[in-house]
Amino acid sequence: MNKPLRIGVAGLGTVGVGVVKILSERAEFLSAASGRPWKLVAVSARDASKDRGIDLTGVRWESDACALADADDIDVVVELIGGSEGVARDLVEAALSNGKHVVTANKALIARHGIALARIAEQKAVSLNYEAAVAGGIPIIKALREGLAANEISSVAGILNGTCNYILTEMEATGRDFADVLKDAQALGYAEADPSFDVGGIDAAHKLAILASLAFGQEVSFDDVEIEGIENITAADIKFASEFGYKIKLLGIATRGVGGIDQRVHPTLVPTGSPLAAVSGVFNAVAIEGDRVGQLVLEGRGAGEGPTASAVLSDIVDVARGLVMPPFIVPTDHLKAPSRANVERRSSPYYLRFNAADRAGSMAEITRALADASVSIERIVQRSEGRGKSDGRLPVVFLTHETDEGSMRMALKHLSKLEDVAGKPLVIRIEDSGSR
(Lines give C-alpha, C1' and ligand atoms only; values in the text may rest on other atoms or scores of the structure.)
Protein backbone atom coordinates (compact mmCIF):
# COMPACT_ATOMS: atom_id res chain seq x y z
CA MET A 1 0.00 0.00 0.00
CA ASN A 2 1.22 3.52 -0.83
CA LYS A 3 2.37 5.92 1.86
CA PRO A 4 -0.56 7.70 3.56
CA LEU A 5 -1.29 11.31 2.70
CA ARG A 6 -0.87 13.16 5.99
CA ILE A 7 -3.09 16.20 6.42
CA GLY A 8 -3.07 19.22 8.72
CA VAL A 9 -6.10 21.55 8.89
CA ALA A 10 -5.87 25.15 10.12
CA GLY A 11 -9.22 26.67 10.97
CA LEU A 12 -12.24 24.79 12.32
CA GLY A 13 -15.05 27.10 11.41
CA THR A 14 -17.96 26.05 9.24
CA VAL A 15 -15.79 24.88 6.34
CA GLY A 16 -13.11 23.29 8.51
CA VAL A 17 -15.69 21.23 10.36
CA GLY A 18 -17.17 20.18 7.02
CA VAL A 19 -13.76 19.04 5.80
CA VAL A 20 -13.17 16.93 8.92
CA LYS A 21 -16.64 15.36 8.58
CA ILE A 22 -16.04 14.36 4.97
CA LEU A 23 -12.58 13.04 5.80
CA SER A 24 -14.24 10.75 8.34
CA GLU A 25 -17.34 9.76 6.38
CA ARG A 26 -15.71 9.29 2.98
CA ALA A 27 -12.27 8.04 4.04
CA GLU A 28 -12.51 4.68 2.28
CA PHE A 29 -13.74 6.09 -1.00
CA LEU A 30 -11.26 8.99 -1.02
CA SER A 31 -8.40 6.59 -0.41
CA ALA A 32 -9.56 4.33 -3.24
CA ALA A 33 -10.08 7.27 -5.59
CA SER A 34 -6.58 8.62 -5.01
CA GLY A 35 -4.70 5.35 -4.68
CA ARG A 36 -3.41 5.96 -1.16
CA PRO A 37 -4.83 6.19 2.37
CA TRP A 38 -5.50 9.55 4.00
CA LYS A 39 -4.76 10.50 7.58
CA LEU A 40 -5.79 13.62 9.48
CA VAL A 41 -2.71 14.22 11.63
CA ALA A 42 -3.25 17.64 13.23
CA VAL A 43 -5.63 20.58 13.46
CA SER A 44 -5.39 24.14 14.71
CA ALA A 45 -8.02 26.66 15.75
CA ARG A 46 -8.50 29.41 18.32
CA ASP A 47 -10.47 27.51 20.96
CA ALA A 48 -9.54 23.90 21.72
CA SER A 49 -12.37 23.53 24.24
CA LYS A 50 -15.20 24.36 21.84
CA ASP A 51 -17.56 21.52 20.95
CA ARG A 52 -17.72 21.45 17.16
CA GLY A 53 -19.61 18.18 16.83
CA ILE A 54 -16.68 16.29 15.30
CA ASP A 55 -14.50 13.49 16.65
CA LEU A 56 -10.84 14.51 16.87
CA THR A 57 -9.68 11.48 18.83
CA GLY A 58 -6.08 10.73 17.93
CA VAL A 59 -5.64 14.05 16.11
CA ARG A 60 -2.94 16.38 17.40
CA TRP A 61 -4.00 19.90 18.39
CA GLU A 62 -1.65 22.75 17.54
CA SER A 63 -2.29 26.05 19.28
CA ASP A 64 -0.04 27.76 16.74
CA ALA A 65 -1.29 27.19 13.20
CA CYS A 66 2.16 27.82 11.75
CA ALA A 67 3.41 24.70 13.56
CA LEU A 68 1.61 22.74 10.83
CA ALA A 69 4.03 24.20 8.31
CA ASP A 70 7.04 22.92 10.26
CA ALA A 71 5.70 19.49 11.20
CA ASP A 72 7.61 16.58 9.65
CA ASP A 73 4.52 14.34 9.72
CA ILE A 74 2.33 16.57 7.53
CA ASP A 75 2.34 16.47 3.71
CA VAL A 76 -0.49 18.92 2.91
CA VAL A 77 -1.65 21.96 4.87
CA VAL A 78 -5.29 23.00 4.50
CA GLU A 79 -5.65 26.70 5.29
CA LEU A 80 -9.21 27.70 6.26
CA ILE A 81 -8.43 30.66 8.51
CA GLY A 82 -9.19 33.44 6.04
CA GLY A 83 -7.85 36.93 5.47
CA SER A 84 -5.12 38.18 3.18
CA GLU A 85 -2.59 38.92 5.93
CA GLY A 86 -1.55 37.66 9.36
CA VAL A 87 -1.58 34.00 10.32
CA ALA A 88 -3.15 32.77 7.08
CA ARG A 89 -0.48 34.33 4.90
CA ASP A 90 2.34 33.33 7.24
CA LEU A 91 1.12 29.74 7.34
CA VAL A 92 0.78 29.34 3.58
CA GLU A 93 4.13 30.97 2.84
CA ALA A 94 5.89 28.79 5.43
CA ALA A 95 4.18 25.58 4.30
CA LEU A 96 5.07 26.13 0.65
CA SER A 97 8.63 27.15 1.52
CA ASN A 98 8.98 23.93 3.52
CA GLY A 99 7.92 21.86 0.51
CA LYS A 100 4.39 21.09 1.66
CA HIS A 101 1.35 21.14 -0.56
CA VAL A 102 -1.27 23.77 0.30
CA VAL A 103 -5.03 23.71 -0.20
CA THR A 104 -6.90 26.90 0.68
CA ALA A 105 -10.37 28.44 0.46
CA ASN A 106 -8.95 31.92 0.99
CA LYS A 107 -9.96 34.16 -1.92
CA ALA A 108 -8.54 37.33 -0.36
CA LEU A 109 -5.13 35.68 0.06
CA ILE A 110 -5.04 34.40 -3.52
CA ALA A 111 -6.34 37.70 -4.95
CA ARG A 112 -3.75 39.73 -3.05
CA HIS A 113 -0.73 37.41 -2.92
CA GLY A 114 -1.51 34.54 -5.26
CA ILE A 115 1.33 35.20 -7.72
CA ALA A 116 4.01 35.46 -5.03
CA LEU A 117 2.72 32.26 -3.42
CA ALA A 118 2.56 30.52 -6.81
CA ARG A 119 6.23 31.32 -7.40
CA ILE A 120 7.16 29.59 -4.14
CA ALA A 121 5.01 26.58 -5.02
CA GLU A 122 6.66 26.30 -8.44
CA GLN A 123 10.15 26.57 -6.97
CA LYS A 124 9.39 23.80 -4.48
CA ALA A 125 7.44 21.66 -7.00
CA VAL A 126 4.37 21.47 -4.74
CA SER A 127 0.69 22.23 -5.24
CA LEU A 128 -1.12 25.44 -4.38
CA ASN A 129 -4.80 24.55 -4.90
CA TYR A 130 -7.68 26.98 -4.29
CA GLU A 131 -10.84 25.60 -5.90
CA ALA A 132 -12.86 26.51 -2.79
CA ALA A 133 -11.82 30.17 -3.01
CA VAL A 134 -14.30 30.94 -5.81
CA ALA A 135 -17.98 29.99 -6.05
CA GLY A 136 -18.05 27.32 -3.33
CA GLY A 137 -18.99 23.93 -4.74
CA ILE A 138 -18.86 25.01 -8.42
CA PRO A 139 -15.66 23.56 -9.95
CA ILE A 140 -14.88 26.75 -11.86
CA ILE A 141 -11.13 26.77 -11.11
CA LYS A 142 -10.71 23.24 -12.44
CA ALA A 143 -12.81 24.14 -15.46
CA LEU A 144 -10.46 27.00 -16.36
CA ARG A 145 -7.20 25.28 -15.35
CA GLU A 146 -7.97 21.94 -16.98
CA GLY A 147 -11.19 21.46 -18.93
CA LEU A 148 -11.02 24.70 -20.93
CA ALA A 149 -7.26 24.95 -21.40
CA ALA A 150 -7.64 24.54 -25.18
CA ASN A 151 -9.89 27.59 -25.41
CA GLU A 152 -9.15 31.25 -25.83
CA ILE A 153 -11.50 32.87 -23.34
CA SER A 154 -13.18 36.12 -24.36
CA SER A 155 -15.25 36.74 -21.23
CA VAL A 156 -16.01 35.51 -17.74
CA ALA A 157 -19.09 36.79 -15.95
CA GLY A 158 -20.75 35.58 -12.83
CA ILE A 159 -22.91 35.91 -9.77
CA LEU A 160 -20.09 35.45 -7.28
CA ASN A 161 -21.66 36.47 -3.97
CA GLY A 162 -24.62 34.57 -2.53
CA THR A 163 -25.46 37.26 0.02
CA CYS A 164 -26.05 39.88 -2.65
CA ASN A 165 -27.97 37.49 -4.85
CA TYR A 166 -30.21 36.52 -1.94
CA ILE A 167 -30.92 40.17 -1.12
CA LEU A 168 -31.74 41.10 -4.73
CA THR A 169 -33.90 37.99 -5.12
CA GLU A 170 -35.88 38.83 -1.97
CA MET A 171 -36.27 42.48 -2.99
CA GLU A 172 -37.77 41.30 -6.26
CA ALA A 173 -40.07 38.73 -4.63
CA THR A 174 -41.34 40.91 -1.78
CA GLY A 175 -41.04 44.49 -2.98
CA ARG A 176 -39.10 45.43 0.14
CA ASP A 177 -36.10 47.74 0.12
CA PHE A 178 -32.44 46.87 0.62
CA ALA A 179 -32.07 47.73 4.31
CA ASP A 180 -35.10 45.67 5.31
CA VAL A 181 -34.02 42.56 3.38
CA LEU A 182 -30.44 42.90 4.64
CA LYS A 183 -31.70 42.52 8.22
CA ASP A 184 -33.39 39.24 7.25
CA ALA A 185 -30.19 38.04 5.55
CA GLN A 186 -28.24 38.75 8.74
CA ALA A 187 -30.82 36.94 10.87
CA LEU A 188 -30.58 33.89 8.58
CA GLY A 189 -26.79 33.90 8.68
CA TYR A 190 -26.40 34.82 5.00
CA ALA A 191 -24.87 38.20 5.87
CA GLU A 192 -22.35 39.18 8.52
CA ALA A 193 -23.00 41.74 11.26
CA ASP A 194 -20.77 44.03 9.16
CA PRO A 195 -22.00 43.18 5.65
CA SER A 196 -19.88 45.72 3.76
CA PHE A 197 -17.42 43.11 2.46
CA ASP A 198 -20.30 41.32 0.69
CA VAL A 199 -22.79 44.03 -0.26
CA GLY A 200 -20.01 46.45 -1.19
CA GLY A 201 -18.74 44.06 -3.86
CA ILE A 202 -15.30 43.36 -2.37
CA ASP A 203 -15.85 39.63 -1.90
CA ALA A 204 -16.98 39.27 -5.52
CA ALA A 205 -14.02 41.37 -6.68
CA HIS A 206 -11.51 39.05 -4.99
CA LYS A 207 -13.07 36.12 -6.83
CA LEU A 208 -13.25 37.94 -10.15
CA ALA A 209 -9.56 38.90 -9.99
CA ILE A 210 -8.67 35.22 -9.64
CA LEU A 211 -10.93 34.15 -12.50
CA ALA A 212 -9.59 36.91 -14.76
CA SER A 213 -6.02 35.77 -14.19
CA LEU A 214 -6.88 32.19 -15.11
CA ALA A 215 -9.00 33.22 -18.11
CA PHE A 216 -6.61 35.71 -19.66
CA GLY A 217 -3.17 34.52 -18.60
CA GLN A 218 -2.16 37.61 -16.68
CA GLU A 219 -1.02 38.13 -13.12
CA VAL A 220 -3.81 38.58 -10.58
CA SER A 221 -4.59 42.29 -10.34
CA PHE A 222 -7.21 42.94 -7.68
CA ASP A 223 -6.40 46.65 -7.65
CA ASP A 224 -7.55 46.89 -11.28
CA VAL A 225 -11.08 45.71 -10.49
CA GLU A 226 -13.71 48.46 -10.53
CA ILE A 227 -16.03 47.80 -7.58
CA GLU A 228 -19.58 48.95 -6.93
CA GLY A 229 -21.98 47.32 -4.49
CA ILE A 230 -25.74 47.01 -4.27
CA GLU A 231 -26.39 49.45 -1.39
CA ASN A 232 -28.08 52.02 -3.64
CA ILE A 233 -30.48 49.64 -5.37
CA THR A 234 -34.08 50.28 -4.36
CA ALA A 235 -37.28 48.30 -4.67
CA ALA A 236 -38.33 50.81 -7.31
CA ASP A 237 -35.28 49.93 -9.42
CA ILE A 238 -36.16 46.24 -9.17
CA LYS A 239 -39.71 47.03 -10.31
CA PHE A 240 -38.61 49.27 -13.19
CA ALA A 241 -36.15 46.62 -14.36
CA SER A 242 -38.87 43.97 -14.35
CA GLU A 243 -41.17 46.16 -16.43
CA PHE A 244 -38.39 46.61 -18.97
CA GLY A 245 -37.75 42.85 -19.15
CA TYR A 246 -34.67 42.72 -16.93
CA LYS A 247 -33.49 41.54 -13.53
CA ILE A 248 -30.84 43.26 -11.45
CA LYS A 249 -27.86 41.10 -10.49
CA LEU A 250 -24.51 41.92 -8.92
CA LEU A 251 -22.12 40.61 -11.56
CA GLY A 252 -18.38 40.22 -11.72
CA ILE A 253 -17.35 40.67 -15.35
CA ALA A 254 -13.95 40.28 -16.98
CA THR A 255 -13.46 40.79 -20.72
CA ARG A 256 -10.78 41.67 -23.20
CA GLY A 257 -11.06 45.43 -23.66
CA VAL A 258 -9.25 48.20 -25.49
CA GLY A 259 -5.64 48.14 -24.27
CA GLY A 260 -6.04 45.42 -21.67
CA ILE A 261 -8.40 43.44 -19.47
CA ASP A 262 -11.61 45.04 -18.23
CA GLN A 263 -12.49 43.81 -14.71
CA ARG A 264 -15.54 45.12 -12.92
CA VAL A 265 -18.08 44.25 -10.22
CA HIS A 266 -21.33 46.18 -10.24
CA PRO A 267 -25.13 45.85 -10.31
CA THR A 268 -26.24 44.94 -13.82
CA LEU A 269 -29.51 44.67 -15.70
CA VAL A 270 -29.64 41.29 -17.43
CA PRO A 271 -32.49 40.07 -19.67
CA THR A 272 -35.07 38.01 -17.81
CA GLY A 273 -34.58 35.00 -20.07
CA SER A 274 -30.79 34.88 -19.79
CA PRO A 275 -28.96 32.14 -17.83
CA LEU A 276 -27.69 34.42 -15.06
CA ALA A 277 -31.07 36.07 -14.54
CA ALA A 278 -32.52 32.69 -13.58
CA VAL A 279 -30.07 32.20 -10.70
CA SER A 280 -31.85 33.00 -7.43
CA GLY A 281 -31.26 33.01 -3.69
CA VAL A 282 -27.81 32.19 -2.35
CA PHE A 283 -26.76 30.36 -5.51
CA ASN A 284 -23.74 31.38 -7.62
CA ALA A 285 -23.22 30.97 -11.35
CA VAL A 286 -20.39 31.64 -13.79
CA ALA A 287 -20.71 32.05 -17.56
CA ILE A 288 -17.61 31.58 -19.72
CA GLU A 289 -17.23 32.33 -23.42
CA GLY A 290 -14.58 30.19 -25.13
CA ASP A 291 -13.69 30.11 -28.81
CA ARG A 292 -14.08 26.31 -28.96
CA VAL A 293 -16.93 25.60 -26.56
CA GLY A 294 -19.01 28.75 -26.96
CA GLN A 295 -20.88 29.71 -23.79
CA LEU A 296 -20.60 27.48 -20.76
CA VAL A 297 -22.63 28.20 -17.60
CA LEU A 298 -21.93 26.54 -14.26
CA GLU A 299 -24.36 27.03 -11.37
CA GLY A 300 -24.45 25.84 -7.77
CA ARG A 301 -24.20 26.74 -4.13
CA GLY A 302 -21.51 29.32 -3.62
CA ALA A 303 -20.86 28.96 0.09
CA GLY A 304 -21.61 26.91 3.18
CA GLU A 305 -20.17 23.88 4.91
CA GLY A 306 -20.96 21.22 2.33
CA PRO A 307 -20.21 22.96 -0.99
CA THR A 308 -16.99 24.63 0.13
CA ALA A 309 -15.70 21.57 1.97
CA SER A 310 -16.45 19.54 -1.15
CA ALA A 311 -14.20 21.84 -3.18
CA VAL A 312 -11.43 21.58 -0.57
CA LEU A 313 -11.55 17.79 -0.68
CA SER A 314 -11.42 17.76 -4.48
CA ASP A 315 -8.14 19.68 -4.27
CA ILE A 316 -6.75 17.23 -1.72
CA VAL A 317 -7.64 14.37 -4.08
CA ASP A 318 -5.44 16.00 -6.72
CA VAL A 319 -2.59 16.22 -4.24
CA ALA A 320 -3.04 12.58 -3.22
CA ARG A 321 -2.92 11.54 -6.87
CA GLY A 322 0.38 13.37 -7.30
CA LEU A 323 -1.05 16.00 -9.64
CA VAL A 324 1.13 19.10 -9.41
CA MET A 325 0.59 21.93 -11.89
CA PRO A 326 1.30 25.66 -12.02
CA PRO A 327 -1.32 27.35 -9.82
CA PHE A 328 -2.31 29.77 -12.62
CA ILE A 329 -2.27 27.26 -15.51
CA VAL A 330 1.10 28.37 -16.89
CA PRO A 331 4.27 29.05 -14.88
CA THR A 332 4.30 32.50 -13.30
CA ASP A 333 7.13 33.72 -15.56
CA HIS A 334 4.81 33.07 -18.53
CA LEU A 335 1.99 35.21 -17.11
CA LYS A 336 1.51 38.62 -18.68
CA ALA A 337 1.86 41.75 -16.56
CA PRO A 338 -1.49 43.22 -15.48
CA SER A 339 -3.02 45.47 -18.14
CA ARG A 340 -6.06 47.62 -17.56
CA ALA A 341 -8.46 48.35 -20.39
CA ASN A 342 -9.43 51.87 -21.36
CA VAL A 343 -12.77 52.03 -19.56
CA GLU A 344 -13.94 55.14 -21.41
CA ARG A 345 -14.07 53.03 -24.59
CA ARG A 346 -16.30 50.42 -22.94
CA SER A 347 -19.87 50.58 -24.24
CA SER A 348 -23.28 49.29 -23.25
CA PRO A 349 -26.85 50.50 -22.85
CA TYR A 350 -27.56 52.14 -19.49
CA TYR A 351 -30.35 52.44 -16.95
CA LEU A 352 -30.40 55.94 -15.45
CA ARG A 353 -32.67 56.99 -12.55
CA PHE A 354 -32.96 60.28 -10.70
CA ASN A 355 -35.56 62.67 -9.29
CA ALA A 356 -36.51 65.62 -11.48
CA ALA A 357 -38.63 68.73 -11.00
CA ASP A 358 -42.21 68.44 -12.26
CA ARG A 359 -42.40 71.62 -14.33
CA ALA A 360 -42.75 72.61 -17.94
CA GLY A 361 -39.43 72.54 -19.76
CA SER A 362 -37.64 70.38 -17.20
CA MET A 363 -37.61 67.24 -19.30
CA ALA A 364 -36.45 69.18 -22.35
CA GLU A 365 -33.40 70.46 -20.44
CA ILE A 366 -32.57 66.96 -19.21
CA THR A 367 -32.81 65.34 -22.63
CA ARG A 368 -30.73 68.19 -24.11
CA ALA A 369 -28.02 67.57 -21.50
CA LEU A 370 -27.91 63.90 -22.48
CA ALA A 371 -27.89 64.71 -26.20
CA ASP A 372 -25.00 67.17 -25.70
CA ALA A 373 -22.98 64.22 -24.31
CA SER A 374 -23.96 62.07 -27.32
CA VAL A 375 -26.19 59.83 -25.20
CA SER A 376 -29.11 58.53 -27.23
CA ILE A 377 -32.34 57.77 -25.34
CA GLU A 378 -34.34 54.64 -26.05
CA ARG A 379 -37.07 55.01 -23.43
CA ILE A 380 -38.21 57.44 -20.71
CA VAL A 381 -40.52 56.57 -17.83
CA GLN A 382 -41.80 59.13 -15.31
CA ARG A 383 -44.04 58.11 -12.40
CA SER A 384 -46.27 60.56 -10.54
CA GLU A 385 -46.89 58.04 -7.72
CA GLY A 386 -43.23 58.29 -6.74
CA ARG A 387 -43.38 62.03 -6.10
CA GLY A 388 -41.06 63.12 -3.29
CA LYS A 389 -42.95 64.04 -0.14
CA SER A 390 -41.01 67.22 0.55
CA ASP A 391 -39.70 68.56 -2.76
CA GLY A 392 -42.40 67.47 -5.22
CA ARG A 393 -39.88 65.90 -7.59
CA LEU A 394 -40.71 62.84 -9.67
CA PRO A 395 -38.59 59.74 -10.26
CA VAL A 396 -37.49 59.54 -13.87
CA VAL A 397 -35.89 56.53 -15.55
CA PHE A 398 -34.02 56.60 -18.85
CA LEU A 399 -32.91 53.59 -20.85
CA THR A 400 -30.20 54.57 -23.31
CA HIS A 401 -29.03 53.04 -26.53
CA GLU A 402 -25.49 51.66 -26.50
CA THR A 403 -23.24 54.36 -25.14
CA ASP A 404 -19.56 54.47 -24.33
CA GLU A 405 -18.46 55.08 -20.75
CA GLY A 406 -16.83 58.41 -21.55
CA SER A 407 -20.07 59.80 -22.97
CA MET A 408 -22.05 58.63 -19.96
CA ARG A 409 -19.61 60.28 -17.56
CA MET A 410 -19.93 63.52 -19.53
CA ALA A 411 -23.72 63.23 -19.38
CA LEU A 412 -23.62 62.88 -15.60
CA LYS A 413 -21.52 66.06 -15.39
CA HIS A 414 -24.09 67.91 -17.46
CA LEU A 415 -26.95 66.61 -15.30
CA SER A 416 -25.18 67.65 -12.09
CA LYS A 417 -25.38 71.27 -13.24
CA LEU A 418 -29.15 71.24 -13.67
CA GLU A 419 -31.22 72.62 -10.79
CA ASP A 420 -34.12 70.39 -11.77
CA VAL A 421 -32.12 67.20 -11.09
CA ALA A 422 -31.94 66.28 -7.39
CA GLY A 423 -29.11 64.23 -5.98
CA LYS A 424 -26.73 61.88 -7.73
CA PRO A 425 -28.32 59.78 -10.49
CA LEU A 426 -28.20 56.01 -10.16
CA VAL A 427 -26.50 54.45 -13.17
CA ILE A 428 -26.68 50.70 -13.94
CA ARG A 429 -25.13 49.08 -16.98
CA ILE A 430 -27.25 46.78 -19.12
CA GLU A 431 -25.67 43.56 -20.37
CA ASP A 432 -27.89 42.41 -23.20
CA SER A 433 -26.22 38.99 -23.39
CA GLY A 434 -26.73 38.45 -19.67
CA SER A 435 -23.30 36.89 -19.51
CA ARG A 436 -20.62 39.40 -20.38
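General observations
- Residues in segment 307-328 that are surrounded by fewer than 18 Cβ atoms within 10 Å (Cβ to Cβ) and either without any contact (Cβ under 8 Å) to a residue 12 or more places away in the chain or among the aromatic types (Phe, Trp, Tyr) (or both): 322 alone.
- Only a single item in (1) surrounded by fewer than 19 Cβ atoms within 10 Å (Cβ to Cβ); (2) assigned to a loop (DSSP other than H, G, I, E, B); (3) not assigned by TED's automatic domain parsing to the domain that holds residue 245 is not met by residue 116, and it is number (2).
- Subset of segment 324-346 (residues that are of a type in the set (Val, Ile, Thr) and farther than 30 Å from residue 100 by Cα): 343
- The number of residues in segment 55-93 being in a loop (DSSP other than H, G, I, E, B), touching a residue at least 40 places away in the same chain (Cβ under 8 Å) and in contact with a Lys or Arg (Cβ under 7 Å, 6 or more places away or on another chain) comes to 3.
- Residues within segment 304-335 that are among the hydrophobic types (A, V, I, L, M, F, W, C) and part of a loop (DSSP other than H, G, I, E, B), tallied: 7
- Residue match in segment 315-322 (condition: under 18 Å from residue 205 (Cα atoms) and of a type in the set (Lys, Arg)): no
- Selection within segment 289-303: residues that are charged (D, E, K, R) and assigned to a strand (DSSP E or B). The member of this set that is surrounded by the most Cβ atoms within 10 Å (Cβ to Cβ) is 289.
- Close pairs (9 angstrom Cβ cut-off, 6 or more residues apart or separate chains): over 15 Å from residue 318 (Cβ atoms) in segment 18-35, surrounded by 13 or more Cβ atoms within 10 Å (Cβ to Cβ) and of a type in the set (Phe, Trp, Tyr) anywhere: 23/38; 27/38
- Residue in segment 306-318 that is among the β-branched types (Val, Ile, Thr) and more than 30 Å from residue 32 (Cα to Cα) present: no
Conditions tested, residue by residue: (1) crowded, with 20+ Cβ neighbours inside 10 Å; (2) under 20 Å from the mean Cα position of the chain (by Cα); (3) in a helix (DSSP H, G or I).
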| position | (1), (2), (3) |
| --- | --- |
| 170 | yes, yes, yes |
| 173 | no, no, yes |
| 179 | no, no, yes |
| 182 | yes, yes, yes |
| 185 | yes, yes, yes |
| 190 | yes, yes, no |
| 193 | no, yes, no |
| 207 | yes, yes, yes |
| 211 | yes, yes, yes |
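- In the set 49, 84, only one residue is over 31 Å from the mean Cα position of the chain (by Cα), among the polar types (S, T, N, Q) and at negative phi; that residue is 49.
- The selection criterion, being of a type in the set (Gly, Ala, Ser) and over 30 Å from residue 221 (Cα atoms), holds for residue 71.
Conditions (1) without any contact (Cβ under 8 Å) to a residue 40 or more places away in the chain; (2) in contact with a Cys (Cβ under 7 Å, 6 or more places away or on another chain); (3) not assigned by TED's automatic domain parsing to the domain that holds residue 84, marked per residue:
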site: 185; (1), (2), (3): yes, no, yes
site: 199; (1), (2), (3): yes, yes, yes
site: 230; (1), (2), (3): no, yes, yes
site: 238; (1), (2), (3): no, no, yes
site: 244; (1), (2), (3): no, no, yes
site: 256; (1), (2), (3): no, no, yes
site: 275; (1), (2), (3): no, no, yes
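- All positions within segment 336-372 that are of a type in the set (A, V, I, L, M) and either assigned to a helix (DSSP H, G or I) or within 21 Å of residue 431 (Cα to Cα) (or both): 341, 343, 352, 363, 364, 366, 369, 370, 371
- Condition check for residue 106: closer than 20 Å to residue 19 by Cβ, polar (S, T, N, Q) and either in contact (Cβ under 8 Å) with a residue 60 or more places away in the chain or touching a Phe, Trp or Tyr at 6+ places or on another chain (Cβ under 7 Å) (or both): no
- Leading residue by the ranking (farthest from residue 299 (Cα to Cα)) among those in segment 243-288 that are assigned to a loop (DSSP other than H, G, I, E, B) and either of a type in the set (Phe, Trp, Tyr) or under 18 Å from the mean Cα position of the chain (by Cα) (or both): 244
The values are calculated or read from the model by the stated rules, or taken from the named source; none is laboratory data. Every value quoted in this text rests on a predicted model; they were computed, and no experiment measured them. Using ideal geometry, Cβ is built from the backbone for each residue, glycine included, and neighbour counts are taken over all protein chains shown.
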